[in-house]
Structures are given as C-alpha cells and as structure tokens.
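K.L.:
Okay, here's the structure, questions in a sec.
Computed from the coordinates by the stated procedures, all read-outs in this text should not be read as laboratory data. Predicted model, so just to flag it, every value in this text is computed and none were measured. Every residue, glycine as well, gets a Cβ built from its backbone with ideal geometry; the counts of neighbours run over all protein chains shown.
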Amino acid sequence: MSDIDRLKELLFGAEKQVLDSITERVEKRELRSADVADVLAESIHTSHQQGGDLREALRKPVGECLREEFHHDPQTYGDALYPVMGPAIRKSIMQALRSFSQQINAAVENSLTPKGLSWRWQAWRAGVPFGDFIVQKTLLYRVEQAYLISRENGLLVGHVQHETAKIKDSDAVSAMFTAIQDFIKESFTPDRTGRLESADMGDFTLWAVHGPHALLVCVIRGVPPRSLRGRLAGILERIHFRYGDAIRDYSGDPSTVPNVETELAACLQLQEHQDEDTSARKVNWPIMVLLLLLLGAAVFFAAKNWSRVQELDRLRTALDETPGIYVTGVESKRDTITVKGMRDPLAPRIAEVADAQGITDKGIDAQMASFYSLDPRLVLQRAESRFGTPEGVDLAIDGTRLVVTGAAPLDWRADVEGGHRTIPGIDAVEFRTPPPETVKPESAPPEPAVDPRAALLRELDERIESMSQRVFYFSGGTTLRDDSSAVMPGYLDDLLALEMDLADLGQQLGVTITGFVDAVGGNEINSVVAPQRAERIAGMLRERGLQGNVQTQSRVPADGDDLTVDPSLRRVLIELQRGALPAPQ
C-alpha cells in the first residue's frame with residue numbers, strides 16, 4: 001500500500017465504510033426490499049392523509065388484480081362476498097317481484113272484463129304491448145317535488161316536496177337545472193330558443209312547464225299521463241296571475257312572493273285511475289256481441305266434446321260387455337272412431353256393436369287382431385258349429401268340459417270324442433244319459449239319422465256364395481276408393497271367420513282375385529296396374545292372417561279393343577271356392 005492510500009484510509013476510512021454499506025444495501029435486492037417493507041405501511045398512511053393521489057395511483061393496478069383473481073378463483077371471492085351479496089340480491093328481487101305482481105294482478109283483473117277487452121283493442125291499435133298499456137292505465141304516479149324558478153336570473157322562487165321525498169339542497173337543484181337549460185340553448189339551438197321539457201332519471205320523470213317569467217319543474221315518480229301537463233300549466237298560469245310582477249323582479253327575497261308554496265302544493269298529487277261513473281257508462285254493443293259469440297262457441301264445443309266423451313264411454317262399455325272382444329284403446333278423431341284390441345271370429349263386428357249403441361254418424365276403424373276367446377258362450381257356440389246338435393241332444397260347458405246330455409248317435413259321439421280337443425277351451429267331454437222317462441219307447445219307429453257335417457257344409461257353401469263375386473273399386477293406381485276402403489275391414493274379418501269354420505270341418509278356403517283397368521294410362525301402364533291391384537288385395541288378406549289358397553290374375557284389354565275411360569272398371573273381383581285340406585306330408 002502506498003503512502004497516499006494509507007493517508008486516504010486514515011482520513012476517509014469511516015466515510016468509505018458508510019458508502020460501502022449504502023452501496024451494498026442498494027445493490028442487494030433482499031436488503032432493499034426489507035427497507036421498503038419497514039416503512040411501507042407508514043408511507044401508505046401518510047400518502048392517504050395528504051390527498052387522493054394514492055387512490056388514483058392504486059385504482060387501475062388494484063382493479064386489474066381483482067379482475068384477474070375473480071377470474072381464476074371465483075369460488076373464494078364468492079364465498080367472501082356472500083354475506084353482502086345475499087341481502088342485496090334478495091332486496092332487489094323482492095322489489096322487482098312486488099312491481100311485477102302488481103302488474104300481473106292488474107292484467108288478470110282486467111283481462112276478461114269488458115274494460116280489459118277494450119284496452120286490448122286500444123293497445124293493438126296503438127301498437128303498444130298489452131302489459132305496458134295496463135301499466136300506463138293502472139300504475140300510480142306521484143309528483144314528489146315542485147320547483148318554481150325565475151326565468152330572468154335562475155333564482156329559486158319557491159319549492160315544495162312530498163313528505164316522503166328526500167332533497168339535500170333545493171337551491172343547488174335550481175341552479176343546476178338552470179345551467180342545463182342554458183347549455184341546451186347554447187349547444188343545440190343556434191337561435192337560443194330550445195328548452196328542456198322532460199327528462200327520465202331512473203324511477204323518476206322530470207317535467208318542465210315554461211311560463212313568461214317563471215319555470216315550473218316537477219319531479220314525478222311513476223308514469224304520468226299527458227293530461228297532467230295541462231293541469232300543471234294551469235297551476236303555473238294561476239301563479240303568474242297572482243305573482244307575475246313579483247316573479248319578474250324577483251331578487252331572492254321570499255317575502256315578495258308570499259304564500260307561493262301554497263299554490264305549488266297543488267302540484268303534489270297522488271292519483272289512481274278511477275272507473276267512470278256507472279250512470280255515464282254506455283254499453284259497448286260490439287264487445288257484448290263478441291262476448292256472446294265467444295260464449296256460445298265455448299258452450300257449443302264443450303257440449304260437443306261432452307257428447308263425444310259420453311259416446312266413447314258408451315261404446316267402450318258395450319265392447320267390454322260383448323263376449324269375444326278385448327279392447328285396448330278407443331279414440332275419436334274427427335269423423336272416425338278407432339278401436340284397437342282383439343276379436344274372436346264368432347264375436348259380432350265392432351261396427352255392429354256401434355250401431356246397436358246408436359253410433360251411426362261416424363266411421364269405425366277396427367284395428368283388431370284375431371284370437372280365440374275362452375268365454376263359455378263362444379266355446380259352446382264353436383262346439384255347436386263344429387259338431388252340430390242332433391235332435392234330443394243338449395250341449396253345455398262346465399269349466400273346460402263339454403257336457404253332452406241326451407241319446408247321441410254313435411257316429412256323432414265318436415266324432416265328438418275324437419275332435420273335442422281341437423276346440424280351444426275344451427279339454428274333456430262328458431256324456432250324460434237322460435232320465436229314463438225321457439227315453440223314447442222301443443216300439444217307436446227310429447228317426448232317420450241326420451248328418452250334421454253335411455248340414456254344416458251346406459251352411460258354409462251358402463256363406464261362400466253370399467261372400468263371393470265381391471267387387472272393390474279403386475280411385476286410381478292401387479288406392480282404394482273411400483267407400484270400398486270403409487267396408488274392406490269387415491269383409492276381411494268375415495273371410496277369416498269363414499276360413500276358420502271351414503278348417504274345423506277339414507275344408508280349405510280358396511280365393512281368386514282378378515284385377516281390372518279402364519282406358520286411363522294406356523295398355524303399357526295398365527298391364528302393370530291391373531296385377532298390382534290384385535296383389536294389393538291379396539297382401540291385405542295375408543296381413544290379416546288368411547291361410548287359404550290365394551291366387552291373383554288380371555284382365556288387361558288388347559291393343560285393338562275399344563275401351564273408354566270408366567271409373568267403374570277400376571276394380572278387383574274376389575271369387576271364393578272351398579276344397580279339402582291337403583293331406584299332411
């Protein structure tokens with residue numbers, strides 16, 4: 001170390017240590033942070049006491065921090081604010097619901113009355129929603145404050161307010177309104193003739209009525225009617241009549257305009273729309289006629305609906321009481337009653353039951369599946385149809401047994417013993433001998449034997465003959481005409497019952513369907529349409545469950561034939577035959 005350095009150390013050693021310490025505290029971040037943290041709270045407090053600079057400086061960064069935190073952790077802040085937000089939200093909702101309920105009550109009370117219907121008509125003509133129109137007609141309004149301001153110098157001449165209204169400084173309000181008036185004149189009207197007449201301020205409406213020397217400013221809560229402005233103008237005219245000169249020369253001395261508050265107090269009104277005097281009311285005949293028409297229409301449709309319900313109930317009850325019919329649903333649509341369920345072939349058709357109940361003005365759409373009912377009456381009827389009933393023999397059903405009482409022929413008895421199990425609902429047969437006194441004496445001549453099978457076959461042949469040669473017409477293509485479509489379901493049910501009766505006697509039903517066409521479409525198209533019509537009817541038979549031999553054919557005229565357009569030629573012909581069942585393979 002040189003002498004100079006040694007001298008410096010002797011002279012400035014202490015100061016150098018202080019500078020080194022300060023440099024270290026400035027350069028080291030952790031030491032500087034500790035120094036700032038030591039005085040941060042006191043510095044913030046002092047800065048807050050000195051003015052609003054600290055608030056302005058912290059507003060933006062603190063706001064951004066809060067938004068960022070609300071976004072990342074809303075649950076924590078929501079829990080923290082819950083004690084404050086809950087009462088505030090409830091208060092707001094209660095106020096909104098109270099106002100909404102008042103409007104709803106007014107709308108309900110006036111919805112179906114003559115006055116309500118008249119208001120609906122007026123709202124429709126004015127293009128205003130009915131809810132808003134109701135509010136305008138029924139909402140209370142109140143003039144809460146009235147200011148009388150001099151137009152010459154903007155001084156407040158007089159001021160009155162409702163007892164529930166809150167105002168801090170009426171002179172400040174008067175001065176501010178005068179400044180706004182001057183601002184409008186200077187900014188929006190070059191000739192300085194503009195003036196402010198109304199303004200909306202949340203729940204309040206501000207109306208200004210201008211006079212020669214004074215300005216009447218009213219603060220109104222609610223929705224005031226236009227007629228109120230005329231009444232306020234009348235009050236201002238009366239004030240000018242009494243105090244016109246004093247208001248023109250008014251310089252701030254209230255004694256120059258004595259009792260002006262009494263005149264202003266007339267502005268504080270609370271008005272509710274009252275009904276017109278009953279004696280002055282006039283009958284609104286168009287509304288009355290409209291109401292009577294609506295009432296008549298309502299009564300008509302209610303009676304029609306009641307009659308339809310009673311009719312359906314009556315039909316359902318009759319179907320439930322008819323053996324061999326099980327109903328799952330009855331519906332009425334327009335002029336058709338649809339019945340869904342199951343029907344035994346021996347049971348009466350649905351249309352017959354409806355006719356018996358007097359239901360003849362509607363079509364019946366019977367969507368019924370076939371089944372064998374175990375009702376004793378139908379089981380007995382099926383047994384009598386299958387075996388016949390020889391003279392002197394009675395048949396009865398006892399549970400699942402067929403009880404035969406009387407002297408039965410041996411061949412008939414053998415037929416019953418061998419075929420009773422083919423009848424659903426019969427598991428056994430019991431032959432009972434009649435009492436001795438009913439047995440014919442041996443001296444009586446024997447009666448000729450009756451072949452019940454031949455009698456049944458003759459009956460079935462008659463049914464085949466009556467159901468054969470049936471014609472069904474088409475409106476076009478393969479679409480059945482309405483009259484043919486209406487009778488087709490019943491005809492299919494009869495065919496199915498006929499097939500089942502033939503099968504009981506070992507016979508098979510044969511069906512031949514022939515399709516015909518007229519001149520519409522030409523031979524090329526008709527050669528396709530004719531067989532399609534036959535196949536359409538054959539498909540309906542198969543869908544219904546017919547198991548017999550169904551054959552289709554068509555009759556198409558040759559090219560040289562003279563054929564006219566005749567809707568009666570658009571048809572199918574159904575022919576029936578019977579034959580023996582094929583032997584099992």
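K.L.:
Counting Lys and Arg as +1 and Asp and Glu as -1, each charge on the Cβ, what is the dipole of segment 458-580 about the Cα centre in debye, to the nearest 20?
P.N.:
220 debye
K.L.:
Among DSSP beta bridges whose residues both lie in segment 288-369, state the antiparallel percentage, nearest 5.
P.N.:
Just about 55 percent of them are antiparallel.
K.L.:
Given the Cα-Cα distance of residue 398 and residue 417 and 0.36 nm per residue of separation, how much length would full extension add, in nm?
P.N.:
Here the answer is 5.2 nm.
K.L.:
Treating only the Cβ of Lys, Arg, Asp and Glu as charged (+1, +1, -1, -1), what charge dipole size does segment 140-271 show about its Cα centre? Round to the nearest 20 debye.
P.N.:
Charge dipole of segment 140-271: 420 debye, to the nearest 20.
K.L.:
Which Cα, out of 19, 70, 58, lies furthest along the positive dipole direction of segment 3-72 (beta carbon charges, K/R +1, D/E -1)?
P.N.:
So the residue we want is 70.
K.L.:
So how strong a dipole does segment 3-72 carry about its Cα centre when Lys and Arg Cβ are +1 and Asp and Glu Cβ are -1, to the nearest 20 debye?
P.N.:
It comes to approximately 220 debye.
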